[in-house]
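Colleague: Handing you a structure now.
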Amino acid sequence: ESWDVSAGEGVRQLFRSGPTGALTKASSSPSKAAPSKLGTKDPIAGPLVAAARSVGLLPEQEADGWAGEPSEWAEADSFTQKLSAFTQNYLSGFKQFVAEQVAGEFDAAAVDTAIESEVSRGGVLMYSFTSCPFCKKAKELLDEKGALYTVVELDEIADGAARRARLGARTGRTSVPAIFIDGSYIGGLNDG
């Protein structure tokens, strides 16, 4: 993957409202859904990781082929995990505000209905981001347990930013993964 934005532009995009788009449900075939305005990387970490890779501070990909944010970030004792816990405890209102600004204008009732439809199907449901190391690790853990689960990749669907904002309003967390079991929210990776 290549990046056409700087870290500064990534931060600016956090606060820029985008055009409203048609709401679509998650699809098992990403090619049928329009990509989200979230892009395929976190709007702050993504450009920083890309910059670190471009100057050789991080490898282009990990040994297993992973090219998302560094996998070690998902470890329970990592600095990024501690930073995530801090921001959740002290900046959750700000994070919700940012999620809503990134989403722009959207039909909250329609997005809530789409989320409720997915959650109420039962089983294990994970809202994810394709470049998120926390999501990667959660999927690996579910796979190790032989669990059957459904994944909605928020960065691959047109209304992904809106869903992230509404999931934040519903669960009190805008971060992913957001995992539901039989309709009940259980948390993310290290908190769930």
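The values are calculated or read from the model by the stated rules, or taken from the named source; none is laboratory data. Bear in mind that the values here come from a model prediction, so they are computed numbers and not experimental data. Here the Cβ positions follow ideal geometry from the backbone for every residue, glycine too, while neighbour counts run over all protein chains shown. In case anyone asks, the SASA skips ligands and DNA or RNA and just uses the protein heavy atoms, side chains included. Shrake-Rupley method; radii C 1.70, N 1.55, O 1.52, S 1.80 Å.
Colleague: Which order do V55, V119 take when ranked by solvent-accessible area (1.4 Å probe, heavy atoms of all protein chains), largest first? Display every interim value, and only then the final one.
Modeller: Values: V55 105, V119 5 Å².
Heavy-atom accessible area, descending, gives V55, V119.
Colleague: What does the charge count near I115 come to, summing +1 for each Lys or Arg and -1 for each Asp or Glu among other residues with Cβ under 9 Å from its Cβ?
Modeller: Working: positive: R163, R166, R170; negative: D112, E116, E118.
That sum, taken over residues with Cβ under 9 Å, equals 0.
Colleague: Just from the alpha-carbon atoms, what are the Rg and Dmax of region 115-164 in angstroms?
Modeller: Cα radius of gyration and Dmax of region 115-164 are 11.3, 31 Å respectively.
Colleague: Let me ask something additional. For A99, what is the net charge nearby, where nearby means another residue's Cβ is under 11 Å from its Cβ and Lys, Arg count +1, Asp, Glu -1?
Modeller: Values: positive: K95, R163, R164, R166, R173; negative: E100.
That sum, taken over residues with Cβ under 11 Å, equals +4.
Colleague: So, R0 is 35 Å and r is the distance between the beta-carbons of A110 and A76; what FRET efficiency does that work out to, to 0.05?
Modeller: Details: r = 36 Å, r/R0 = 1.04.
Result of the calculation: an efficiency of 0.45.
Colleague: Enumerate the amide H contacts of I186 below 5 Å, restricted to partners 5 or more residues apart or on another chain; note that Pro and chain-start residues carry no placed amide H.
Modeller: I179, F180, I181
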